[in-house]
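The values are calculated or read from the model by the stated rules, or taken from the named source; none is laboratory data. Only a predicted model underlies this, so the values are computations on that prediction, with no experimental measurement involved. Here the Cβ is made from the backbone with ideal geometry for all residues, glycine too, and neighbour counts use every protein chain on show. When the accessible area is computed, the model is the full protein with side chains, heavy atoms only, and any ligands, DNA or RNA have been set aside. Shrake-Rupley method; radii C 1.70, N 1.55, O 1.52, S 1.80 Å.
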Amino acid sequence: MNSPEIKICGISDPAALDAAIGARADHAGLVFFAPSPRNLALGDARALAERATGRIGKVGLFVDADDSLIADAVNATQLDALQLHGEETPERAAQLKARFGLTVWKALPIASPADVERARQYDDIADLILFDAKTPKDAALPGGMGLRFDWSLLSGYRGKARWGLAGGLTPNNVADAIAQTGAALVDTSSGVESAPGVKDVDRIAAFCKAARP
Ligand SMILES: O=C(O)c1ccccc1NCC(=O)[C@H](O)[C@H](O)COP(=O)(O)O
């Protein structure tokens, strides 16, 4: 089994951050999307980022955000990466990469082979493609809903960019997900929570141990 990088997304309190760091996760996801139960006010994000810097990667999560929101978040937290989780086009992703000079992850919602094929449009732009489960059209969130997709859809994927797997990953299924897909990174949010937006430090530890025994 390959040893993938681990991202714990939707970190919103110091105990969860310390648990991710203690479990040797590689990235902490900080959500800047108001409808999310994990959304961070800039002041809270700044405090978490100060605790994280030098100990874990800081990935800012945005959904079709304008430059000013991204700039405010970057200035407050010195993000290491931007995760674009909306309808951002390759051109928008390239524009943000040029403006902020940061690593750019593009999340793609997956439910069909055609959805996977879209990754090719970001091949020379995104530093990582994050394959995530497509959420229902009327869903409040485009991610972070604990939904899985059919991992076999990725078996034929041969893009240039590194790619990661998200969507419904838990301590109980992440080892299978890695074995089945060979993902270079695994990402979870709901799967390590006791309630939406409430991270469970024991589940964070269990997820990281299962992903990287
Ligand atoms: O986490 C959120 O609240 C969120 C809101 C809006 C867009 C994306 C969001 N999360 C992005 C992530 O990277 C999640 O970790 C990913 O979607 C997997 O979430 P889950 O299925 O809950 O593990």
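Residues in the range 180-191: is at least one acidic (Asp, Glu) and open to solvent by 20 Å² or more (accessible area, probe 1.4 Å)?
no
For the range 34-61, which positions are within 12 Å of the ligand (Cβ to nearest atom) and surrounded by 21 or more Cβ atoms within 10 Å (Cβ to Cβ)?
Result: 36, 38, 40, 59, 60, 61.
Filter the range 1-33 down to the residues that are more than 16 Å from the ligand (Cβ to nearest atom) and farther than 22 Å from residue 202 by Cα, then identify the one that is most open to solvent (accessible area, probe 1.4 Å).
Per the criteria, the residue is 1.
Select from the range 145-156 the residues that are open to solvent by less than 30 Å² (accessible area, probe 1.4 Å) and within 12 Å of the ligand (Cβ to nearest atom) and list them in ascending order.
149
Residues that are near the ligand (Cβ under 8 Å from one of its atoms) and of a type outside the set (S, T, N, Q), at least 3 per element: which strands (runs of 3 or more DSSP E) completely within the range 157-198 meet that?
The strands (runs of 3 or more DSSP E) meeting that bar number zero.
For the range 107-124, which residues satisfy the criterion of being over 27 Å from residue 37 (Cα atoms), crowded, with 19+ Cβ neighbours inside 10 Å and of a type in the set (A, V, I, L, M, F, W, C)?
116, 119
Only residues that are open to solvent by less than 10 Å² (accessible area, probe 1.4 Å) and within 22 Å of residue 158 (Cβ to Cβ): list them for the range 72-104, please.
93, 104
Quick check on the range 125-140. Is at least one of its residues more than 10 Å from the ligand (Cβ to nearest atom), part of a helix (DSSP H, G or I) and of a type in the set (Gly, Ala, Ser)?
Checked the range 125-140: no residue is more than 10 Å from the ligand (Cβ to nearest atom), part of a helix (DSSP H, G or I) and of a type in the set (Gly, Ala, Ser).
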